[in-house]
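What follows is a short report on a single structure.
Each value in this text was obtained by applying a stated rule to the coordinates, not by laboratory testing. Just so it is clear, the model here is predicted, and its values are computed rather than measured. Positions of Cβ are generated from backbone atoms using ideal geometry, with glycine treated the same way; all protein chains shown enter the neighbour counts.
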Amino acid sequence: MKPKVIVYKKADTRILDYIADSCEIIYFEELDSEIYPVFLEELKNAHGLLGSGLKVDKELLNHAPQLKIVSNISVGYDNLDMAALTKRGIMATNTPDVLNDTVADTIMGLILSAARRIPELDQWVKSGQWKSGLEEKWFGVDVHHKVLGIIGMGGIGSAVAKRAHFGFDMEILYHNRSRNEDAEEKYGATYCTMEELLKKSDFVCLMTPLTPETVNLIGKKEFEFMKESAIFINASRGRTVDEEAMIQALQKGHIHGAGLDVFVQEPVSKDNPLLSMKNVVTLPHIGSATYETRLKMAMTAAENLVTGLQGEIPPNLIRK
Ligand code: 8YV
């Protein structure tokens, strides 16, 4: 008998066909409050779970006595209670590497947009306000030859460093749990303490995964260390930053601007003060969101799932 898997995110037919070769699929394009009880009922007999963002904790696992593997279509796995999964002997997998270049492109986009005020000027042009030459008040700041501080030098951080070093002649500083000798050799990245990085960087880019240790990693003190001219970029998770402290830092001019792909609450509430700041560029968590990359991520996740259900070690098993 084929193992049963629940796919709880809209998936391309190529992904579904691949899984269907060896598994029986219960498919939910998305989980809303109406469908959720049906999902919980199906979970009772499910061996695998594939999707992204669903909070998988002890409470959910109580509904899943047969579960063998949870396959995330994301590199981040802060939605998974790893302790609860490990206790039950359930495998968990993610999709590293395939999204590095795409997320790094998004980050360079945020850096350039915030520095050169691209969204703000786009609105200015489209609203018919460009009537004569460009006054100095619309000028931006340079990106090339500046100092980029990367917090979290994993695969995505390295892909950002590569672009910044070769494409923009930037000096790269980084802070990470461990040294990344590859990035040091290839992109001339210099390892720094957090404080040193924050004090010296023109652009501070946060790329660390969300873990209990990185919640509010950047708060009031860290914003005060930054240069008044600094532009802060966050494409990790909203909760790695104390959002209130960031709002204060921007309002008080402790930093110059920000480029944000992630927020504490997503979708971001429309009365969040960040949305009315002209020096803040906002995106709806699009880091990896291209057709090509999302397909690759889904296929990677499907391969992890199928391999795990075949009794082998999945390529991207999360080892905790
Ligand atoms: C996810 C992400 O794809 O991979 C991650 O960790 O943040 C995104 O690329 C997103 O969470 C999907 O819903």
> Rounded if a/c is under 1.5, else prolate if a/b is larger than b/c, else oblate: which is region 9-95, with a ≥ b ≥ c the root eigenvalues of its Cα gyration tensor?
Replying inline: rounded
> Taking only DSSP H segments of four or more residues, each worth -39500 (n - 2.57), what value at 222 nm results for the chain once the sum is divided by all its residues, to the nearest 500 deg cm²/dmol?
Replying inline: -9500 deg cm²/dmol
> residue 316: net charge of surrounding residues, Cβ under 12 Å, Lys/Arg +1, Asp/Glu -1, itself excluded?
Replying inline: -1
> What ranking, highest mean first, results for peptides 78-90, 197-209 when packing means the other Cβ atoms within 10 Å averaged over each residue?
Replying inline: 197-209, 78-90
>> So if I take the centroid of the Cα atoms in region 255-320 and the same for region 1-56, what is the distance between those two points in Å?
In response: 20 Å
> Of 200/227; 44/320; 137/221, which sit over 19 Å apart, Cα to Cα?
Replying inline: 44/320; 137/221
> Over the chain, what is the relative contact order in whole percent, taking alpha-carbon pairs under 8 Å and six or more residues apart?
Replying inline: 18 percent
> Can you list residues whose amide H is under 5 Å from residue 26's amide H, if they're 5+ apart or on another chain and H is modeled 1.01 Å from N?
Replying inline: 5, 6, 7
> aspartates and glutamates near residue 296 by alpha-carbon distance under 19 Å, same-chain residues fewer than 8 away left out - which ones?
Replying inline: 12, 17, 21, 29, 97, 101, 105
> Cα-based Rg (one decimal) and Dmax (whole number) for region 100-282, in Å?
Replying inline: 16.0, 52
>> Show me the helices of the chain, taken as full DSSP H stretches, that run 15 Å or more along their long axis by Cα and average -1.0 or above in Kyte-Doolittle hydropathy.
In response: 100-116, 291-309
> Considering only DSSP states other than H, G, I, E and B, which chymotrypsin sites (Phe, Trp or Tyr not before Pro) in region 62-142 qualify as loop sites with at most 14 other Cβ atoms within 10 Å?
Replying inline: 130, 139
> Please state the equivalent ellipsoid semi-axes for the chain: what are the square roots of 5 times the Cα gyration tensor eigenvalues, largest first, in whole Å?
Replying inline: 39, 22, 18
> From the backbone phi of region 202-217, what are the Karplus-calculated ³J(HN,Hα) couplings (6.51 cos²θ - 1.76 cosθ + 1.60, θ = phi - 60°) in whole Hz, Gly and Pro given as x?
Replying inline: 7, 10, 10, 10, 9, 10, 7, x, 7, 9, x, 6, 9, 4, 6, 4
